[in-house]
1. Can you find, among Pro18, Leu41, Ala30, the residue farthest towards the positive end of the dipole of the chain? Put +1 on the C-beta of Lys and Arg, -1 on that of Asp and Glu.
2. Can you give the Rg to Rh ratio for region 18-84, taking only C-alpha atoms and Rh from Kirkwood?
3. Magnitude of the Cβ-charge dipole of the chain, K/R +1 and D/E -1, about the Cα centre, nearest 20 debye?
4. Could I have the simple spin-label model distance between Val37 and Lys61, label points 7 Å from Cα toward Cβ, reported in nm to one decimal?
5. Looking only at region 66-85, which residues have a backbone nitrogen under 12 Å from a spot 7 Å from the Cα of Phe19 in the C-beta direction?
Amino acid sequence: MIEPTPHTDLHLEFTVEPFVEHRPGPHVLAAIDAARVDQDLDVEVGPFGTSVRGERDAVLKAATEVLARAFANGATRVVLQVSTD
């Protein structure tokens, strides 16, 4: 097994559906709140998605929470993309 570099930064982008422009539902707001739990993460909410940047483990933990909270609050689909910075 390959061990990851411990201090690698990641960039997570996600979109939560159903999506209604200018009227985010509870499933969207819950996902955004999940991404903001770690104060060390840089979270930017855009008109069509949310971007999260930070340390690898914190971003991966946020991704798990985003999925859990979005679906717990009525999401029908969550699209995630994760990349190294």
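1. In the chain, that residue is Pro18.
2. Values: Rg = 11.3 Å, Rh = 12.0 Å.
Rg/Rh for region 18-84 comes to 0.94.
3. Using Cβ point charges on Lys, Arg, Asp and Glu, the chain gives about 380 debye.
4. Here the answer is 0.8 nm between the modelled labels.
5. The answer is 77-81.
Readers should treat all values here as calculations from the given coordinates under stated rules, not as data from a laboratory. Every value quoted in this text rests on a predicted model; they were computed, and no experiment measured them. Positions of Cβ are generated from backbone atoms using ideal geometry, with glycine treated the same way; all protein chains shown enter the neighbour counts.
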